[in-house]
Amino acid sequence: MPSAGFGEGLVQIFSQRAVQRRIARVLSHPVVLLAIATVFATIAGAWLTNYYQEQAWMRDKNFETYQYAMDEGFKVTDELSDAMGQRLFGLNRVVWVAKGTGTGDLDEVWDEYYESVIVWNVKLARYKSRLARFVSVEAAEAFASPQDAALSYADGAPVSLHGRFLVAHRKVRALVDCVRAAGCKAEEQAAKVQEAEQELNMLGQAVDAFLNGCTNQLYQSS
C-alpha cells in the first residue's frame, strides 16, 4: 500500500544518524527552544486560565445556591411566625370572649379564628416541605409529625408543633361548646377555661422555642 511504503520511507530516513544529528541541532537551537517554550507556555496559560475561570464560576454558583437556601429558610420561618402568631392570637381571643374578658360575639370570634385554621391546613404540607429543604429535616419533623394526625381529646402528649396546635384547638373548642350549652355549670366552665389557658401558655412557649431553633440553625449554617 502507498501509505505503508511512505511510512517505511520516513522511518528509514529518520533512522539515519546524519538526519538524527541535524534534527538534534535544529531542536537544540535557542530560537527553536524559545519557540517551543512559547507554545507550551501559551497552552499552559490557556489551560490555567480556563481552570481558574471554571473554579470561580463554580464558587459563584455554590454561593448563589447557598444564599438562595438561606433566604428561603428565613422566608419560611417568617411566614410560619406570622401564621402561628395569627392562630395563637385567635385562640386566645376566643378564650377571652368565652370567659367574659374579651369583646365580640363568641360565634363570630370563633369563625374568624377558624379562617386561620383553614389557611394553616392548606399550607401545612408546603410549610413542612420548605422547612425540610431550606432549614433541616429535624425542623420539618418538629413542625408536623404523622404521629399527631390522630390525636384525640384524651391525648395530651403531641410530638410536633402542629400537634400542639391541634390539642390547644380542641381544648378551646371544648370551652366554646361548654359556654354554648345551656346546662354547662359555672364550675365546669371555669375548669375548661383553666385547661385552655394552660394549653395556650405551653403552646406559646413551644412556638417561641421552635422559631428560635429554626433561626439558630440558619445562622449556624452561615
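The values are calculated or read from the model by the stated rules, or taken from the named source; none is laboratory data. Remember, predicted model here, so these are calculated numbers, not experimental data. Methodologically, a virtual Cβ is constructed for each residue, glycine included, from the backbone with ideal geometry; neighbour enumeration extends over all protein chains shown.
Descriptive notes on the structure:
- Any hit, region 147-170, residues being touching a His at 6+ places or on another chain (Cβ under 9 Å), at pLDDT 95 or above and assigned by TED's automatic domain parsing to the domain that holds Ala196: no
- Subset of region 107-131 (residues that are under 21 Å from the mean Cα position of the chain (by Cα), surrounded by 11 or more Cβ atoms within 10 Å (Cβ to Cβ) and either of a type in the set (Phe, Trp, Tyr) or under 25 Å from Cys178 (Cβ atoms) (or both)): Trp120, Tyr127
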